[in-house]
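Structure, as structure tokens:
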Amino acid sequence: MHRLAGSDAGFLFIEGETQTSTCVDVVLLAPASPDEALTPEVLRARVAARLPTTPGLRRRMRPVPGGLGHGLWVDDPTFALDRHLHHVVLPAPGEEAQLRAHLAEVLPLLLDRTRPMWALTLVDGLAEGRQALVFQFHHTLADGAGLLETITRLLDDRAAEVPPAPGSEPAADPARDPGAALVLVLTLWHQLVAWLAAPRLLVRTVRRFRAVERRRATAEVRVPGSLRDAPATVLNRSADSNRDFARARLEMADVRAVRGAVGCTVSDVVLAVVTGALRDHLDDRDELPDKPLVANVPVGHEPPGAGPRTTGNHFSNYFALLPTHLVDPRDQLAAVSAATEESKHQLRLQGMETIPAWIDRIPPLVAARVAARLAARQREGSAAPDFNVLISNMRVSGGPWTLHGREVEDFFMTGPVADGAGLNITVTGYGDHLTLALVVNPSAVERPELLALGLEESMARLRAATVGTPVVPRRGDVA
């Protein structure tokens, strides 16, 4: 049986009329002549042939009666591939503005929970013969690592030639619906076993949290706590389903140059770039708080020896300090690096699996109501924010993809915006660059294209401050 873990089911609980838990990922194909263009028929044949390597895409979520336990993934007996494949043509001239507008329409959409929760759209009408593939995946299905593996198996020409790695899912993995009665019996048995083990988990949890408290009391670097340590800002406005999108591009050569000059991590460089851009963005609007901003940063924790996977969420979160109170890019990077190292250390003390283990024990009957109450307070602004921006990152390994012989020119992933958190930045490493995809609620970031431009300029200033490259002056406005 394929039971949802609590960390998977949680994305169902937080979803509602004003927020979705759908991740939207975009593949951009290089220019091609009309006779070389990917057609809906060819795409359908491609996906149909490779579906056996991604069994989760044929499964729907089967809830447990009464919300007494987390649901199951079961084969959908009425699965029809054509329900999940779509085709649209963008209006002329098919530039970035038209693609942005299409994504802004797609981002707030909710997926049908009675069917496998994904969709794939072939987008035509882009300039110079380009095409795009827009994936929609519910976060309950998988995290970024799982979705990246899914897309690789479906699209990359080389994927069919690569034998499955040890520990990866088998091509055929049936998940039949056992029926309501058996589901209820098995769920109650699972809950009984889980709560019998809870006293031992409680002792371990208390010990770990006390270790974190001792560390926080003596650490030289103060880092954000897990709750309500972020200033209330305009970035936390998100009380409706409106969405907008923009993207920035950072060259890996620049990121590596800064990393080599300072001796930090790529993640530190990205967080410092975001710090500089958000400082400018908020300062220009007289919205800059006195306190540093706080970023929620997911970090994966795959089990030892785990192979590639297409389902499941295996990550924890740490809270990173974004020192927007500092002006100099070098000072910002130094503060980011020190605080991030300390935050990760405290997360290790807490234990990557500690919070997910407790979430796994809480039945939907309780968890859904608590999540709805917290979401309502965030929408109303009556609860202090836990963070100001969510920043996640993924890296495509193995070089650029090709699809049906066509070069995949670019690929980027996005993450959903939540109630009370109006900015999500997802970093995707592909080829020689990073794409920073911004999903926003317009009440939090009215013109995300300006913030995207600010991210690129922040990278230029950071490189100039650490490596010596001439500074690129900030531009005023974009169309």
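Bear in mind that the values in this text are calculations on the coordinates, not laboratory data. If you're wondering where the values come from, they're calculated on a predicted model, not measured in any experiment. Here the Cβ positions follow ideal geometry from the backbone for every residue, glycine too, while neighbour counts run over all protein chains shown.
Taking 8 Å as the Cα distance limit and 6 or more residues as the minimum spacing, I'd like the relative contact order of the chain as a percentage. Don't skip to the end; give the middle numbers.
Details: 921 pairs, mean separation 114.0, N = 479.
24 percent.
Please report, largest first and rounded to whole Å, the three semi-axes of the ellipsoid equivalent to region 2-183, where each semi-axis is the square root of five times an eigenvalue of the C-alpha gyration tensor. Kindly include the intermediate steps, with their values, before the conclusion.
Values: eigenvalues 190, 84, 36 Å².
Value: 31, 20, 13 Å, ordered largest first.
Can you classify region 207-321 as rounded, prolate or oblate using the Cα gyration tensor, where a ≥ b ≥ c are the square roots of its eigenvalues, rounded means a/c under 1.5, and otherwise it's prolate if a/b beats b/c and oblate if not? Write down the numbers at each step before the final one.
On the way: a/c = 1.31, a/b = 1.14, b/c = 1.14.
Since a/c stays below 1.5, the shape of region 207-321 is classed as rounded.
Under the rule of -39500 (n - 2.57) per DSSP H run of 4 or more residues, summed and divided by the residues of the chain, what mean residue ellipticity at 222 nm is obtained, to the nearest 500 deg cm²/dmol?
Helix contribution divided over all residues of the chain: -12000 deg cm²/dmol.
Scan around Thr22 for amide H atoms under 5 Å from its own, H built in the peptide plane at 1.01 Å from N, and keep only partners 5 or more places away or cross-chain.
Residues meeting the criterion, in which the H sits 1.01 Å from N, are His139.
What is the magnitude of the charge dipole of the chain about its Cα centre, with +1 placed on the Cβ of each Lys and Arg, -1 on the Cβ of each Asp and Glu, and no other charges, expressed in debye to the nearest 20? If you can, show how the numbers build up before the last one.
Numbers: 51 positive and 57 negative charges, 419 e Å.
Rounded to the nearest 20 debye, it is 2020 debye.
What is the calculated FRET efficiency for Arg200 to Glu353, with r their C-beta to C-beta distance and R₀ = 22 Å, to the nearest 0.05? Mind showing how you got there, number by number?
On the way: r = 13 Å, r/R0 = 0.61.
For Arg200 and Glu353, the calculated efficiency is 0.95.
For every other residue with a beta carbon closer than 15 angstrom to the beta carbon of Arg62, add +1 if it is Lys or Arg and -1 if Asp or Glu, then tell me the sum. Each step should come with its number before you reach the end.
Working: positive: Arg3, Arg58, Arg59, Arg60, Arg113, Arg115, Arg176; negative: Asp8, Asp75, Asp76, Asp112, Asp177.
Value of the local net charge: +2.
For region 191-466, what relative contact order do you get, as a whole percent, if you take Cα pairs closer than 8 Å and at least 6 residues apart? Intermediate results must be reported in sequence, preceding the final value.
Numbers: 465 pairs, mean separation 89.7, N = 276.
So the answer I get is 32 percent.
If I compute Cα extents along the principal axes in Å from the structure I just sent, which labelled value in (1) 65, 64, 43; (2) 76, 56, 39; (3) 77, 49, 48 lines up?
Derived directly from the coordinates: (1).
Kindly rank 297-308, 269-280 from highest to lowest mean number of other beta carbons found within 10 Å of each residue. Walk me through the numbers before you get to the answer.
Values: 297-308: 13.8, 269-280: 26.4.
So the peptides 297-308, 269-280, ranked by packing, come out 269-280, 297-308.
Return the FRET efficiency for the residue pair Ala372, Leu186: r is the Cβ-Cβ distance, R0 is 22 Å, and the value is rounded to the nearest 0.05.
Values: r = 27 Å, r/R0 = 1.21.
The formula returns an efficiency of 0.25 here.
Quick one: Met61, Met459, Met352, fewest Cβ neighbours within 10 Å first, how do they rank? Before the final figure, lay out the partial values.
On the way: Met61 22, Met459 28, Met352 18.
Arranged by neighbour count, lowest to highest, Met61, Met459, Met352 become Met352, Met61, Met459.
Apply the a/c threshold of 1.5 to the C-alpha gyration tensor of region 191-466 and tell me whether it is rounded, prolate or oblate. Before the final figure, lay out each step's value.
Working: a/c = 1.40, a/b = 1.30, b/c = 1.08.
It is rounded, given that a/c, with a ≥ b ≥ c, falls under 1.5.
Would you mind calculating the relative contact order of region 2-183 from Cα pairs under 8 angstrom and at least 6 residues apart, reporting the percent as a whole number?
33
What are the ³J(HN,Hα) values, in whole Hz, obtained from phi via the Karplus relation 6.51 cos²θ - 1.76 cosθ + 1.60 with θ = phi - 60°, for each residue of region 283-290 in sequence order, with x given for Gly and Pro?
Result, ordered by residue: 5, 4, 10, 6, 10, 6, x, 6 Hz.
Dividing the Cα radius of gyration by the Kirkwood radius, what Rg/Rh value follows for region 287-445?
Numbers: Rg = 18.2 Å, Rh = 18.4 Å.
My calculation puts Rg/Rh at 0.99.
Take the alpha-carbon centre of region 444-463, take the same for region 240-299, and report the distance between them in whole Å.
What the calculation gives is 8 Å, centre to centre.
Roughly how many nanometres apart are two label points built 7 Å out from the Cα toward the Cβ at Ala219 and Ala48?
5.4
Which value in nm describes the separation of the simple spin-label points at His325 and Ala5, placed 7 Å from the Cα toward the beta carbon?
Between His325 and Ala5, the label points sit 3.6 nm apart.
Within region 115-145, what residues put their amide N at less than 14 Å from the label point 7 Å along the Cα-to-Cβ vector of His86?
117-124, 133-138
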